[in-house]
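Accompanying notes for the structure given below.
The values are calculated or read from the model by the stated rules, or taken from the named source; none is laboratory data. Since we're looking at a predicted model, the values are computed, not measured. Because the Cβ atoms are built from the backbone with ideal geometry, glycine has one as well, and the counts that use them run over all protein chains shown.
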Amino acid sequence: MKFLEDVESEHDSAKRTITKFGPNVAQKDSRIDEGISVSKLPPRLKYLLNETEKRGIKLLLMPAGMTRRSENTTYYDKRNNIINWRIEWLLSSGLIKTVSKVSETTTCLEAFTSAMKLDPTNKTIEFNIETNVPGEAWERIEGDQQFIDIFKNRTIVEFPRIKVGEIVA
C-alpha cells in the first residue's frame, strides 16, 4: 500500500511541476504545443530557435526537466552571429564523448580530432549523423563539411549525435 501512496505523491508532485514550468516547449513548426508558446521560453532559447530556423535547421526541444534538455549547452552567440553546438560523438568502441562550444563553422573532422586530441593528418574517418527520421536512423556525412552545411535541412533534437566509424591512419 505504501508503494501506491508513493506513486500518487510523485504524480501530484509532477503535476505541480508541469503546471509551474509547462508540459512542453513549442516545437519549431507549430510555435505552440499544448498551450505553451515560444514567447515563454528563456531568451537564449528564443534566439537559438530563431537562428536555427534562419539557417534551415529544424531544432526540436525536449520538455523542460528532461535529461537531454538539461544537458544541452548549444547556444547562439549574438556578438559573433554563430551557433555553438553541443555535439555527442558515439565511438565505435561504445564510448560517448560529448563536447560543448563547437562552432558551426568548424568541419566535422576538425571538431572530432580536436575533441579526441588526434592529429588530423592522413586520417580517414567515417561519420554518420542521427537523422531523427522514422526508418532512417543514421545518414553518412563528409568530414570536410562545416556543421552549418551538415545541419541544414535536418531535424535535430536538442543537439546533434554523430556516430564515428573506424579511424584509419
Matching residues, region 65-115, being assigned to a strand (DSSP E or B), basic (Lys, Arg) and surrounded by fewer than 16 Cβ atoms within 10 Å (Cβ to Cβ): Lys97, Lys101
Residue ID - surrounded by the most Cβ atoms within 10 Å (Cβ to Cβ), chosen from residues in region 134-167 that are acidic (Asp, Glu) and touching a residue at least 24 places away in the same chain (Cβ under 8 Å): Glu158
Residue within region 110-117 that is within 16 Å of the chain's Cα centre (by Cα) and closer than 28 Å to Pro43 by Cα present: yes
Of residues in region 124-133 being over 20 Å from Ile82 (Cβ atoms) and in contact with a helix residue (DSSP H, G or I) (Cβ under 7 Å, 6 or more places away or on another chain), the one surrounded by the most Cβ atoms within 10 Å (Cβ to Cβ): Phe127
Number of the condition not met by Glu104 [criteria: (1) at pLDDT 95 or above; (2) among the acidic types (Asp, Glu); (3) out of contact with any Phe, Trp or Tyr (no Cβ under 6 Å at 6 or more places or on another chain)]: (3)
Leading residue by the ranking (surrounded by the fewest Cβ atoms within 10 Å (Cβ to Cβ)) among those in region 42-64 that are out of contact with any strand residue (DSSP E or B) (no Cβ under 8 Å at 6 or more places or on another chain) and basic (Lys, Arg): Lys54
Near pairs, Cβ below 8 angstrom, 6+ apart or cross-chain, from region 47-76 (under 11 Å from Glu158 (Cα atoms)) to any residue that is part of a helix (DSSP H, G or I) and of a type in the set (S, T, N, Q): Lys58/Thr52; Leu59/Thr52
Hits in region 147-169 - residues which are assigned to a loop (DSSP other than H, G, I, E, B) and modelled with pLDDT under 90: Ala169
